[in-house]
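J.: If you scroll down you'll find the structure; I have some questions about it.
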Amino acid sequence: MKSLGCALILLLTATTARAEDTIAPSRIVDAAVGDWNKDGKPDLALLVAPTPDDQAIGIYIYLRNDEHSLLKLAASAPDKIWGSVAPDGVYGQEPSIAALPNGSIAIASQNDAIGRDRWHQTLTLAYRNNNFVVAGYTYDSRDTLEPDNSHSCDYNVLTGKVTKDGKTLKADAKTVSIQDWQDDIGQKACGNGQ
């Protein structure tokens, strides 16, 4: 009887682990197809609505398997970006993901709907040394009550070059995987102190 109980526990544990790795089709909010690793085969990147345990949208990136040309998960970054994903959600807060011509991935988030502080943010991901890293961070903000209080910042994370409100600055060059990225890294480089 003990061995049957152990077998059931192992089966339930394996089933639960697989269920956590499963992305329900209804949770996919945007997708992009591109050749991320430049092997001539189309790859896939997804934005996935959060689970009840997460607060933010997840990023999942798939590469083609060399042997069978099937998609295989290469990067998983749940709970990563902010946005509205409900079909009846607030307009102007939707996230998006896009393939760039150079093989990078652009992930945009925004608040262009509520409050006086409006902003747009774009993370640019690149495939480097078998890892997806944040190559760029762009952040634009504006105050709807004080139009002169607008800012823009573009941070090349890999080189440390920062352009803030038209001025060139220098920050630390970093190699940060999408899994380890936190927006405060970009905010700090842009001098926003968050």
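The values are calculated or read from the model by the stated rules, or taken from the named source; none is laboratory data. The structure displayed is predicted, hence computed values, not measured ones. No Cβ is skipped: glycine too gets one built from the backbone with ideal geometry, and neighbour counts run over all protein chains shown.
J.: Checking residue 186 against (1) surrounded by fewer than 18 Cβ atoms within 10 Å (Cβ to Cβ); (2) assigned to a helix (DSSP H, G or I), which test does it fail?
T.: Of (1) surrounded by fewer than 18 Cβ atoms within 10 Å (Cβ to Cβ); (2) assigned to a helix (DSSP H, G or I), only one is false for residue 186: (1).
J.: Moving to a separate point now. Quickly run through the stretch 91-102 and pick out the residues that are in contact with a strand residue (DSSP E or B) (Cβ under 9 Å, 6 or more places away or on another chain) and in contact (Cβ under 8 Å) with a residue 12 or more places away in the chain.
T.: 92, 93, 94, 95, 96, 97, 98, 99, 100
J.: With respect to the numbered conditions (1) over 17 Å from residue 80 (Cα atoms); (2) within 20 Å of the chain's Cα centre (by Cα), which one is the sole condition not fulfilled by residue 126?
T.: Residue 126 satisfies every listed condition except (1).
J.: A further question on this structure: Quick check on residue 181: is it assigned to a strand (DSSP E or B), of a type in the set (Phe, Trp, Tyr) and within 24 Å of residue 28 (Cα to Cα)?
T.: No, not satisfied.
J.: More than 26 Å from residue 48 (Cα to Cα), surrounded by 17 or more Cβ atoms within 10 Å (Cβ to Cβ) and modelled with pLDDT of 95 or more: is that true of residue 134 in this structure?
T.: no
J.: Name, by its number, the condition in (1) farther than 14 Å from residue 29 by Cβ; (2) not in a strand (DSSP E or B) that does not hold for residue 120.
T.: Failing condition for residue 120: (2).
J.: Still on this structure, please answer the following. When you check residue 47 against the structure, is it surrounded by 19 or more Cβ atoms within 10 Å (Cβ to Cβ), more than 26 Å from residue 120 (Cβ to Cβ) and touching an Asp or Glu at 6+ places or on another chain (Cβ under 6 Å), yes or no?
T.: Here the answer is no, as residue 47 does not meet what is asked.
Each row is one residue, and each column tells you yes or no for (1) surrounded by 21 or more Cβ atoms within 10 Å (Cβ to Cβ); (2) in contact with a strand residue (DSSP E or B) (Cβ under 7 Å, 6 or more places away or on another chain); (3) more than 17 Å from residue 173 (Cβ to Cβ).
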{"site": "120", "(1), (2), (3)": "no, yes, yes"}
{"site": "127", "(1), (2), (3)": "yes, no, yes"}
{"site": "144", "(1), (2), (3)": "no, yes, yes"}
{"site": "148", "(1), (2), (3)": "no, no, yes"}
{"site": "155", "(1), (2), (3)": "yes, yes, no"}
{"site": "158", "(1), (2), (3)": "no, yes, no"}
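J.: Spot the failing condition for residue 70; the list is (1) over 16 Å from residue 178 (Cα atoms); (2) under 13 Å from the mean Cα position of the chain (by Cα), and only one is missed.
T.: Here residue 70 clears every test but (2).
J.: Of all residues in the stretch 145-183, how many are in contact (Cβ under 8 Å) with a residue 24 or more places away in the chain and in contact with a His (Cβ under 8 Å, 6 or more places away or on another chain)?
T.: Looking only at that region, the number is 1.
J.: Here's something else I'd like to know. Residue 165 is checked against (1) under 25 Å from residue 35 (Cα atoms); (2) out of contact with any Phe, Trp or Tyr (no Cβ under 6 Å at 6 or more places or on another chain) and fails just one. What number does that condition carry?
T.: All conditions are met except number (1).
J.: OK, next. Which of the residues belonging to the stretch 160-183 are surrounded by 15 or more Cβ atoms within 10 Å (Cβ to Cβ), aliphatic (A, V, I, L, M) and within 20 Å of the chain's Cα centre (by Cα)?
T.: Residues satisfying the conditions are 176, 178.
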